[in-house]
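K.L.:
To start, I am sharing the structure in question, which I have written as structure tokens.
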Amino acid sequence: MNTETHVSNRWSNKYAYILAATGAAVGLGNLWKFPYIMGENGGGAFVLVYLLCILFIGIPVMMAEVAIGKRGRSTPANAASMVATESGKSSHWSIIGSMGVLAGFLILSFYVVIAGWAVAYVFYAGTGEFSAAAADPATNAEAIGALFGNLVSSVPNLLIYTTIIVASVVYVLSKGVKDGLETAVTYLMPAMFVLLVGIMIYSAIVGDFAAAFAFMFNIDFSRLTIEGVLVALGHAFFTLSLASGIMMVYGAYLPKGVSIAKTSIMIAIADTLVALIAGLAIYPIVFAHGLEPSAGPGLLFQALPIAFGSMPMGDVVGTLFFVMVVFAAFTSAIALLESAAAYLVERQGLTRGKASLVAGVGIWLLSLLTIFSLSGEEWTLLPFMGDGKTIFDGLDYLTANILLPLGGLLISVFVGWFMKDELVKEEFNVSEGQFKLIMVLLRYVAPIAIIFVFINAIGLF
Ligand code: TRP
């Protein structure tokens, strides 16, 4: 065993782990991405497929990934290769770890830009832009739309906000002030949840809740395409932070005796609830104001400010809300950078501080691709992806629809078929019946479903 990278520190208890993993899971994926991809993919049937993917694929893959990290007690690529070696299999299984780190890195490159939007919106809310836009109800939606349009088309603005995010993430990670952050998050996450529920109730009262509810929960398969199924599958991995290295990193710090099964289920439930509530907060406004559910990545930023504008104390509530979006994104961004930094420490022997800085500079440079995509530079267009599709869309597609499902496939196949049964059993530590069920999901259900969706959606093989 490679003792150099052996991880010896542990979470102090299972709650510290649940909090960190939930902090990584709940982020822009729930608040920003889920609502708009649901809109683009027709609503109810998409939601159903997404929930099934979380339940039958996401949760078992999370358990498998955490188990690899916990057994290997090392950074992702090493952990996977050590567990493979211990099971008498090729150390090339380290690919599960390296691919995850790559996926996480690419995700972070656009994640920081969107997190930057949220920073901008803290200022917009704080300076009364939303209530100003709402002064004339007839043009409210257009005024809010223009605010968003001006932000994303301005390279200098995007650069400033993205840089703020990247610099803060590097600072927190390299200085190890994470403990302070974790304490803050302990209070902020429940606060965010309460605020989100409050906003949902307000939206329900002033907006068209019936239409929103019907859109999200009336299942009409004629509105779902096979691409939509792939998006739902990919998003199940994205939102739970799977196949991007981090769950192996976190698993490596897991103390003995913590139930991987129970904690995975709890994390998945919390994550799913936040996504559904975000949808129920946004869509009543979307329908009441004639916005398009398929508006795309701007949806959150174009819908909720309309509600804040007309709400009593809306500027304050709006400011609070976007502060929380920033925090939710920030905890995820730190986890994403952590897995890249851990990789640099492991493979290149950098110190933690240097690794964070190098990874941060890399992310900042890569984020320029997304920034210029948003501002409409011609060279960012990817015609083979479709009309008007940009490098930003390409990065999103490559990560969520290809790398994450592929990583999930490899993880489930590895733990289901290659990792020694006794090792898996020891790490899962569940009853015989539960073990059999989880193994059926990892051996058959997850791989077959992923391969089936792949073949049909991207015409692979
Ligand atoms: N789950 C995060 C979100 O929903 C995004 C994410 C994907 C992530 N992979 C990750 C976060 C790895 C941290 C680590 O916003």
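The values are calculated or read from the model by the stated rules, or taken from the named source; none is laboratory data. All values derive from a computational prediction rather than experimental measurement. For neighbour counting, all protein chains shown are included, and Cβ atoms are generated from backbone atoms with ideal geometry for every residue, glycine included.
K.L.:
When Gly349 is evaluated against the numbered criteria (1) surrounded by fewer than 17 Cβ atoms within 10 Å (Cβ to Cβ); (2) at pLDDT 90 or above; (3) among the small types (Gly, Ala, Ser), which criterion, by number, is the only one it fails?
P.N.:
(2)
K.L.:
Does Ala64 satisfy the condition of being surrounded by 23 or more Cβ atoms within 10 Å (Cβ to Cβ) and touching a residue at least 24 places away in the same chain (Cβ under 8 Å)?
P.N.:
Answer is yes for this residue.
K.L.:
I'd like the full set of residues that are at pLDDT 95 or above and either within 13 Å of Ile391 (Cβ to Cβ) or of a type in the set (Gly, Ala, Ser) (or both), limited to the stretch 353-364.
P.N.:
Residues satisfying the conditions are Ala359, Gly360, Gly362.
K.L.:
While we're here: Among the helices (runs of 4 or more DSSP H) contained in the stretch 45-145, which hold 1 or more residues that are closer than 25 Å to Leu398 by Cβ and more than 16 Å from the ligand (Cβ to nearest atom)?
P.N.:
In the stretch 45-145, the matching helices (runs of 4 or more DSSP H) lie at 59-72, 76-86, 95-126.
K.L.:
Just checking, which of Gly416, Gly407, Gly360 is over 30 Å from Gly228 (Cβ atoms) and either away from the ligand (no atom under 16 Å from the Cβ) or within 24 Å of the chain's Cα centre (by Cα) (or both)?
P.N.:
After ruling out the rest, the residue left standing is Gly360.
K.L.:
Just wondering, is there one or more residues in the stretch 119-126 that are under 29 Å from Glu377 (Cβ atoms), surrounded by fewer than 16 Cβ atoms within 10 Å (Cβ to Cβ) and either without any contact (Cβ under 8 Å) to a residue 12 or more places away in the chain or among the acidic types (Asp, Glu) (or both)?
P.N.:
Yes: one or more hits.
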